[in-house]
1. Relative to 2.2 N^0.38 Å, what does the C-alpha radius of gyration of the range 373-524 come to as a ratio? Two decimals please.
2. How far, in nm, would the chain grow between Glu507 and Leu464 when pulled straight, counting 0.36 nm per residue and subtracting the alpha carbon separation?
3. Over the Cα atoms of the chain, Rg to Rh with Kirkwood Rh, two decimal places?
4. Taking 60 Å as R0, compute the FRET efficiency from the Cβ-Cβ separation of Gln208 and Trp427 and round it to 0.05.
5. Under a cut-off of 17 Å between alpha-carbon atoms, report the aspartates and glutamates in cross-link reach of Lys221, not counting same-chain residues fewer than 8 places apart.
6. For the chain, which span is the longest to avoid every loop-located (per DSSP) member of trypsin sites (Lys or Arg not before Pro) having at most 12 other Cβ atoms inside 10 Å?
7. In whole Å, what three semi-axes, largest first, describe the equivalent ellipsoid of the range 63-164 built from its Cα gyration tensor (square root of 5 times each eigenvalue)?
8. At 24 angstrom or more along the helix axis (alpha-carbon based) and mean Kyte-Doolittle of -0.5 or higher, what helices does the chain contain? Whole DSSP H runs only.
Amino acid sequence: MSTPLVMFLIFIAITLVITYWAARRSSGASAYFAAGRRITGWQNGIAVAGDYMSAASFLGIAGIIAFQGYDGFMYSVGWLVAYLTVLLVVAEPLRNAGKYTMADVLAYRLSPKPVRAMASLSTLTVSTFYMIAQMVGAGTLVALLLKDSGITFNWAVIIVGILMVAYVVFGGMLATTWVQIVKAILLMGGTILLSILVMAHFNFSFVQFFDAIAHVKDGDKVVNFLEPGLRYKPPYGALDLISLGLALIFGTAGLPHILVRFYTVPDAKTARISVVWAMVIIGSFYIMTTFLGFGAATIVGKGFISKNGGTNMSAPLLAQALAGDIFFAFISAIAFATILAVVAGLTISASTSFAHDLYTNVLKHGELANPQQEVKVARITAFVVGAISIAIAILLGPTFNVAFLVALAFAVAASANLPVILFSIFWKRFTTEGAVWGLASGLLSSIILIIVSPSIMGTDGKHLIHGSPLFPLENPGILSIPIGFAGAFFGTLLSRVDEAAEAKFTELEVRANTGLGSEQATAH
C-alpha cells in the first residue's frame, strides 16, 4: 500500500471517529445546527480559520503565485485583509441577533417569509460555487496521488463527496467543528515546515530568495516574478485586480459557512475572541503562502508542475522536491484534510439554511411537529447538495484553478448577502422589499456577469461556452457589488415606510450591540 494512501486512510479514520463521537452528542436542533453553543473562543477561532483556509488557499493560491508571481500574491493579500470586515462589522451583531443562519438577522425586523426564501437561495448558490472548487481540488489531488491504485479524478470527487455528507449527516456542527480544528492544526504545521524548508534551500537568506524570484525560468526566457502584470494585463488588468479585491474584502463578511460559525459560541465576547484567534492564524498562513508559491516557481518550475497535475499541485510538488515522497504524501494528506473540512462546513451551512429558513419558516410557517423534523430535512438537503456539487465538479474537470473558482463565490456573497446584512443592522428605514431586491439583484447580476465573462466564455475551446466574452473582467465584483447595494437601497426608497420594521430596529440595535436577549430563541 502506498504511503499517500496510508496517510489518507489514517486521516479519514480520525475524522470518522470524531463524527461517531459527535453523533452521540448531536441530539436536538441546537446541538445539530450550532453544536449546542458550547464551543469556546479558541476552539471556534481555530475552526473558523480551518473553514477559511480552504483548498483555494493551500492549493490554488500557491499555484497562482507559482505561475503568475506578484499578481497571484494579490489573492493572499485580499483574503487576509478581508477578515477585518468580519471582525469590525459583522461578527458581534450577527451572534447577538441570530439563531442558526444569516436570514435570522434579516427576519428579526423584516417580513420573514420573503427574506428567508431569498437568503436561503443565495446561501445555497454561494455554498455550491465554493464547494465545487473544493471538489475540483480534491479530485485533482487524490487522482494524482492514488493513480497507481486506479482511482480516477471522477472517483476521487465521488469519494470526497460521500465522506463530507457522512460528517454532516451524522455528526452535525460538532463533528464539523472538530474536523476543522484538527485540519487547521495540521495545515499550519505542514505550512510552517514547508516554509522553513524553502528558506533552508536558500540558506535562510531573503536576498537569495528574492533574487531567485526575480529570475524565474519560464521555458526559454527568464521572468521577474516580483513585477506585476503576469496575470492582470492591459487593458483591463487594473480593473480586474480591483474587482477581485472588492469581492474578497466584502465577500468574506457574506460567506454563509463563515457566518454560521458565530452561532456556535455562547456569547458575543466569545465571538470576538474567536475572530482574533482566527485572524492570527489566517494572517500567519497567508504570509506563508508567499514561500509556498514562490518556492514552487523557483525550485520546482512551471514546466514540471504543468505536466504533473497543473497549478493546484504546486505546494505538494514543492514538498516532494524538498523532502521526498513521504513529505509529499504528508502535505497531500493535509490538503485532503483541508478539502474535507471545508466541504463539511459548506454542506452544513447550506443544509441548515434550507431546513431552518426555507422549509421550517417559509413552507411550514414556523410550525413543526418537533425540532427533529428540521434536522431530518437538513440531513436530506446535505445529500442533495453533495450530489449536485459532485456532478458539477466532474463536469468541469481537473483543470479549473480552485482559488479562481472560490473568488467567484466571494463575488456572489459580496453582491447579494453583504448589502442586506449591513442595511438590516445599520439602516432604520430598510424594508422587506429592499432586502428582497438587494438579494435578487446582487445574486442575478453576479451570476450573469460570471457566465458572460472570460471565466466561462472563450474561443480557445477550453471554456464551457464558446464565443467572445460579453463582460471583459474575470471577477464581476466591481459591477455586481454596487448593483447589489443599489438594489437594496432603491428597493427600500421605492417601497412604503414599514413602521413595524422601524419599531423593531431599536430593539435589534440594542440586542446586536449588547447581546441582551440573545440567548433566547428568535421569535421567527
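1. Numbers: Rg = 19.5 Å, N = 152, 2.2 N^0.38 = 14.8 Å.
Scaled against compact globular proteins, the figure is 1.32.
2. The span from Glu507 to Leu464 would gain 10.6 nm if fully extended.
3. Dividing the radius of gyration by the Kirkwood radius yields 0.97.
4. On the way: r = 54 Å, r/R0 = 0.90.
The value I calculate is 0.65.
5. Answer for Lys221, where 17 Å is the Cα cut-off: Asp211, listed by chain and number.
6. On the way: sites that count: Arg24, Lys462, Arg496.
Longest run free of exposed loop sites: 25-461.
7. Semi-axes, largest first: 35, 22, 11 Å.
8. 3-23, 62-85, 112-145, 172-201, 268-295, 314-352, 371-396, 402-426, 432-451
Taken together, the values in this text are just the output of simple stated rules run on the coordinates, not laboratory data. Nothing here was measured: the structure is a model prediction, and the numbers come from that model. Here Cβ is always computed from backbone atoms with ideal geometry, including for glycine, and neighbour counts include all displayed protein chains.
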